[in-house]
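The values are calculated or read from the model by the stated rules, or taken from the named source; none is laboratory data. From a predicted model like this one, the values you see are computed outputs, not experimental measurements. We place every Cβ from the backbone using ideal geometry, glycine too, and count neighbours over all the protein chains shown. Side chains included, ligands, DNA and RNA excluded: accessible areas come from the protein's heavy atoms. Shrake-Rupley method; radii C 1.70, N 1.55, O 1.52, S 1.80 Å.
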Protein chains: 2
Amino acid sequence: MIGCASTTQPVDPLPSWNEGESKQSIIAFVESVTTEGSPDFVEPAERIATFDNDGTLWGEQPLYFQLLFAIDRVKELASEHPEWKTEEPFASLLKGDTKAALAGGEHAILDLVMSTHGNMTTEEFEQLVIDWMATARHPTTERPYTEMIYQPMLEVLHYLRANGFKTYIVSGGGIEFMRPWTERVYGIPPEQVVGSSVKTTLEMRDGEPVLLRLPEMNFIDDKEGKPVAINQHIGRRPIASFGNSDGDLQMLQWTMAGQGPRFALFVHHTDAEREWAYDRHSHIGGFDKGLDEANGKGWTVVDMKRDWKVVFPFDNK
Amino acid sequence: MIGCASTTQPVDPLPSWNEGESKQSIIAFVESVTTEGSPDFVEPAERIATFDNDGTLWGEQPLYFQLLFAIDRVKELASEHPEWKTEEPFASLLKGDTKAALAGGEHAILDLVMSTHGNMTTEEFEQLVIDWMATARHPTTERPYTEMIYQPMLEVLHYLRANGFKTYIVSGGGIEFMRPWTERVYGIPPEQVVGSSVKTTLEMRDGEPVLLRLPEMNFIDDKEGKPVAINQHIGRRPIASFGNSDGDLQMLQWTMAGQGPRFALFVHHTDAEREWAYDRHSHIGGFDKGLDEANGKGWTVVDMKRDWKVVFPFDNK
């Protein structure tokens, strides 16, 4: 069919989206804020769009990918930590029982992250992330994690940027876990990545300053934390926000509470065949209050199974 | 002389700078990192430049301008705080004795800032700053504070941006005190302003989310804090940094410790006639260790009196 398209036919900015309300809502919003003379026109400087990462731009099952990174680190570091043979959550993990390890909930997760993400320089951590991303494979698809990204959302990122938007990630994931690869994978540079963080401190080593990552949380960029972090990092209220879970609800509320045209979108994971299907009762990516509020207020809720022609870029091949 | 310049003469990017080593060092650096094929060429994405604000981009005498804002707020709020008549530092301030009020040092300053910058929404604070900037006048020049900016540094900002740099402020001043006016005055958008901050918390008011500023410090962006904040906000190491005091030394050290071409510049306040002259023993803008290190390492030290044709934009008129 190449070459048959009429030259007057506009190029579809979202080719991986099926025609329907979701796709139409995105295009209608972008056209309204970029049409000069329109009452909804927004100056380019104010075109800020914020995206959650886990479950919105890439997958988050069977576990947050950063948690799978932490688990791999525990296995690598085990020989230096004989005490982990008896201490939870490490003992269960090292026996291969991830479920038992994570039964300790947030406390267990925090232990895992702090013991594997701290006590090194920011540059050492960056290299660990780069190496892991290059070699680790997802447990079910056997793909690199940086391929487990949503093709339709990549198109939204490109479409927004082509229309003068600045696209930001605002994620519960670690800011320094994302920055080494978001520019290559999403076209989002490090300075437009906001996330959770550990405390860092400046230290001199052999006369050179290094930033040391402490095993101590600095900020958790989730729920109420997301508007706080948006204000701290960006200093402008987004006019469009994209999420998939209750952890993103406050970000979308904050976005929609501003003056002028606004857009809020949730990705609803409805496709057990091509991806995963989960919502109200999921431990990861729980989507309950957010779903009700989006339905009540008429925000866009993407039905992944219905709205997306493909999920991952490799589905196209 | 207008009209006499040869068309082959390149436009001077820094017309308010006298010819000399300082001006030449800036131009040589920019040319080296932007010349394609040069061994020092730096990709535009990595061209990050960070600027201190107080004493580097605008004045800081006889007191930090933000402190003058806090003092004005104390006077406005005094009727709601009868207890301030006897409590320091408020009592001395209300009697007009600023020196006695500030004799309490950092603790007194923190009291002043917390009691005047917290307990309101981010939008209410923004409006206070906008109103103050529009009406307040500097005690000696009687100019609006946003005119007390350094014309030669504005030219550096423009010159860097014209050469593909992203320019950031990294200041000990309050991030939300600067953001309402930096875009208009310096061409630096809110998302490129990094500073000290109070804690904020998300609250619902009449069903709408607001960010409430708490009377509690979140982060002090000075000395060792500057590289920490650069890492947190920008996630890349600057290749050029500009400061004027020991509070900026760690930022310049962090910048210079990276790989590849680097540039560090201190503004030295040497002009008692057109501005102020102060350095090693000044309570505000103390410049002692930084001066020694800059001299020892051959960093650029701008002698304001010698190097600048004009100081403020209004000197031109």
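Assuming R0 = 35 Å, what is the FRET efficiency of B:Met217 and B:Ser79, from their Cβ-Cβ distance, to the nearest 0.05?
The computed FRET efficiency comes out at 0.85.
In what sequence, largest accessible area first, do B:Glu46, A:Glu275 appear using a 1.4 Å probe?
Result of the area sort, largest leading: B:Glu46, A:Glu275.
For B:Ile188, A:Ile27, give me the order by solvent-accessible area with a 1.4 Å probe, most accessible first, ignoring ligands, DNA and RNA.
A:Ile27, B:Ile188
Please compute the contact order of the range A:1-114 in relative form: average sequence separation of alpha-carbon pairs under 8 Å and at least six residues apart, divided by the residue count, as a percent.
Here the relative contact order equals 13 percent.
Over the alpha carbons of chain B, what is the largest minus smallest coordinate on each principal axis, giving the biggest first in Å?
67, 45, 41
For the protein assembly as shown, what % of the accessible area comes from carbon and sulfur atoms, probe 1.4 Å?
Carbon with sulfur: 50 percent of the solvent-accessible area.
Nearest 5 percent is fine: what portion of the DSSP beta bridges confined to the protein assembly as shown is antiparallel?
Of those bridges, close to 40 percent are antiparallel.
Quick one: which bits of the range B:198-213 get at least 50 Å² less accessible when the partner protein chains are in, versus the chain alone, with a 1.4 Å probe?
B:Leu202, B:Pro209, B:Leu211
Within the set of other residues whose C-beta is less than 12 Å from the C-beta of B:Leu291, count the net charge using Lys and Arg as +1 and Asp and Glu as -1.
That sum, taken over residues with Cβ under 12 Å, equals -4.
Taking the Cα centre of each part, how many Å lie between the range A:157-205 and the range A:7-76?
So the separation of the two Cα centres works out to 15 Å.
Any chance you could list the semi-axes, whole Å, largest first, of the equivalent ellipsoid that the Cα gyration tensor gives for the protein assembly as shown, using √(5λ)?
Three semi-axes, in Å: 43, 29, 28.
Express in nm, to one decimal, how much length is gained between B:Glu106 and B:His283 on full extension, taking 0.36 nm for each residue of separation and deducting their alpha carbon distance.
Length gained between B:Glu106 and B:His283: 62.6 nm.
Mind checking the angle between helix A:21-34 and chain A's longest principal axis? C-alpha axes, 0 to 90 degrees, to the nearest 10.
80 degrees
Which value, in debye to the nearest 20, gives the size of the charge dipole of the range B:165-317 about its Cα centre, when Lys and Arg are +1 and Asp and Glu are -1 at the Cβ?
Taking the Cα centre of the range B:165-317 as origin, the dipole is about 460 debye.
If amide H atoms are built 1.01 Å from N in the plane of the peptide, which residues on other chains or at least 5 residues away come under 5 Å of the amide H of A:Val267?
Long-range HN contacts for A:Val267: A:Gly243, A:Asn244, A:Val302.
Rounded to the nearest 100 Å², what's the accessible area chains A and B bury against each other, both chains counted, probe 1.4 Å?
Roughly 2900 Å² of accessible surface disappears when A and B pair.
Mean residue ellipticity at 222 nm from the helices of the protein assembly as shown, using -39,500 (n - 2.57) per DSSP H segment of n ≥ 4 over the full residue count, to the nearest 500 deg cm²/dmol?
Only helices count here, giving -11000 deg cm²/dmol.
With a 1.4 Å probe and all protein chains kept in place, how much accessible area does A:Leu77 have, in Å² rounded to the nearest 10?
Answer for A:Leu77: close to 30 Å² accessible.
Taking the Cα centre of the range A:175-216 as the origin and placing charges on Cβ (Lys, Arg +1; Asp, Glu -1), which of A:Ser197, A:Val185, A:Gly207 is farthest toward the positive end of the dipole?
Value: A:Val185.
Taking 8 Å as the Cα distance limit and 6 or more residues as the minimum spacing, I'd like the relative contact order of chain A as a percentage.
Across chain A, relative contact order equals 22 percent.
For the residue pair B:Asp72 and A:Val310, what label-to-label distance in nm results when each label sits 7 Å from Cα along the Cα-to-beta-carbon direction?
Placing both labels 7 Å along Cα→Cβ, they lie 5.8 nm apart.
Could you go through the range B:46-52 in sequence order and give the Karplus-derived ³J(HN,Hα) for each residue, using 6.51 cos²θ - 1.76 cosθ + 1.60 with θ = phi - 60°, rounded to whole Hz, and x for Gly and Pro?
Each residue of the range B:46-52 in turn: 9, 7, 9, 10, 10, 10, 4 Hz.
Once the dipole of the range B:119-183 is set up with Lys and Arg at +1 and Asp and Glu at -1 on Cβ about the Cα centre, which of B:Leu157, B:Thr121, B:Thr141 lies farthest towards its positive end?
Going by the Cα projections, it comes out as B:Leu157.
I'd like to know which of B:Phe90, B:Phe65, B:Leu14 lies farthest towards the positive end of the charge dipole of the range B:1-122, counting +1 on Cβ of Lys and Arg and -1 on Cβ of Asp and Glu.
Sorting the options by dipole projection puts first B:Phe90.
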